[in-house]
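Remarks on the structure that follows.
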Amino acid sequence: MLGDLETQLIELLKASPLGSRLRVVDSLPDTPDEDLVKRWGLDAPAAYVVAGDGTLSQAIASPQFVVVLVARNARGHQAARRGDGKTIGLYEMLDAGIAELHGGETQDASWQVTRYQFLQDIDLRDQGLQAALLLIQADVDPPQKDAMALGDFLEFHADYDLVPLASDADHRRWADEDHAEPAPDLHSHINPQEGT
């Protein structure tokens with residue numbers, strides 16, 4: 001569900017008038033925190049989609065996503081916020097993002113923008129970046145057990161005591177070892193202050 005919704009939101013933004021004015025529209029990059037601001041500086045103007053916390057009831061799932069909007073302009077912070085007629089500014093990105101996403105339709109959801117927030121961060125300002133977050137959500141059917149198709153697995157994860165395909169001698173040695181759990185030491189849990 002979440003992967004499909006993320007992909008649909010990215011495609012919705014890419015196909016919008018806003019998307020045509022951005023250098024990058026993608027999921028949030030898999031970049032270490034210390035490199036993320038630099039990456040945003042290279043990509044700006046950009047929009048990144050990332051899943052947030054959602055809620056569930058018996059009948060409705062309400063997934064939430066955050067769209068991170070990042071602007072930059074060599075002419076300074078005012079041009080980065082307002083735009084300069086050549087490069088889109090953060091306020092224009094925010095207006096266009098709200099217009100596109102509030103009531104926006106994708107294959108599996110109808111979206112509502114519930115909040116926006118400006119990021120006030122020293123690292124962003126030091127890089128000449130202006131950024132804002134759009135919080136969006138949808139009400140969709142929760143995943144159903146019968147509809148889940150996880151596909152065949154290629155990796156198997158397990159804990160084991162003996163290396164798979166071990167020799168017969170290793171099997172015999174393992175079988176001769178004592179694998180019983182030791183009894184708990186009750187005396188170590190007694191508090192002398194309580195007198196027990």
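The values are calculated or read from the model by the stated rules, or taken from the named source; none is laboratory data. The shown structure was predicted, so the numbers you read here are calculated from the model rather than taken from an experiment. Backbone-built Cβ (ideal geometry, glycine too); neighbour counts: all protein chains shown. Quick note on the areas: whole protein, heavy atoms, side chains included, nothing else; ligands and nucleic acids left out. Shrake-Rupley method; radii C 1.70, N 1.55, O 1.52, S 1.80 Å.
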inquiry  = Suppose the filter is surrounded by 20 or more Cβ atoms within 10 Å (Cβ to Cβ), within 20 Å of the chain's Cα centre (by Cα) and within 22 Å of Pro29 (Cα to Cα); does Ile136 pass it?
reply    = yes
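Here are Asp185, Asp108, Asp170, Asp176: which of them is out of contact with any Leu (no Cβ under 7 Å at 6 or more places or on another chain) and at pLDDT 65 or above? So that I can check it myself, show each step before the final result.
Values: Asp185 fails: at pLDDT 65 or above; Asp108 fails: out of contact with any Leu (no Cβ under 7 Å at 6 or more places or on another chain); Asp170 fails: out of contact with any Leu (no Cβ under 7 Å at 6 or more places or on another chain).
The conditions single out Asp176.
If we only count helices (runs of 4 or more DSSP H) wholly inside the range 1-112, which ones have 2 or more residues that are out of contact with any Phe, Trp or Tyr (no Cβ under 7 Å at 6 or more places or on another chain) and among the β-branched types (Val, Ile, Thr)?
Output list reads 2-15.
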query = Out of Leu5, Leu42, Leu36, which single residue is among the hydrophobic types (A, V, I, L, M, F, W, C) and either over 24 Å from Gln130 (Cβ atoms) or in contact with a Cys (Cβ under 7 Å, 6 or more places away or on another chain) (or both)?
reply = Leu5
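Can you say whether Asp159 is assigned to a loop (DSSP other than H, G, I, E, B) and modelled with pLDDT under 90, as far as the supplied structure shows?
Judged against the criteria, Asp159 is a match.
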key: Test: Gln120 is closer than 30 Å to Asp35 by Cβ, at pLDDT below 90 and open to solvent by 70 Å² or more (accessible area, probe 1.4 Å)   = yes
ask   = Of everything in the range 14-50 that's at pLDDT 85 or above and of a type in the set (Asp, Glu), which residue is surrounded by the fewest Cβ atoms within 10 Å (Cβ to Cβ)?
value = Asp26
query = Of all residues in the range 57-95, how many are closer than 13 Å to Ala46 by Cα and open to solvent by less than 80 Å² (accessible area, probe 1.4 Å)?
reply = 13
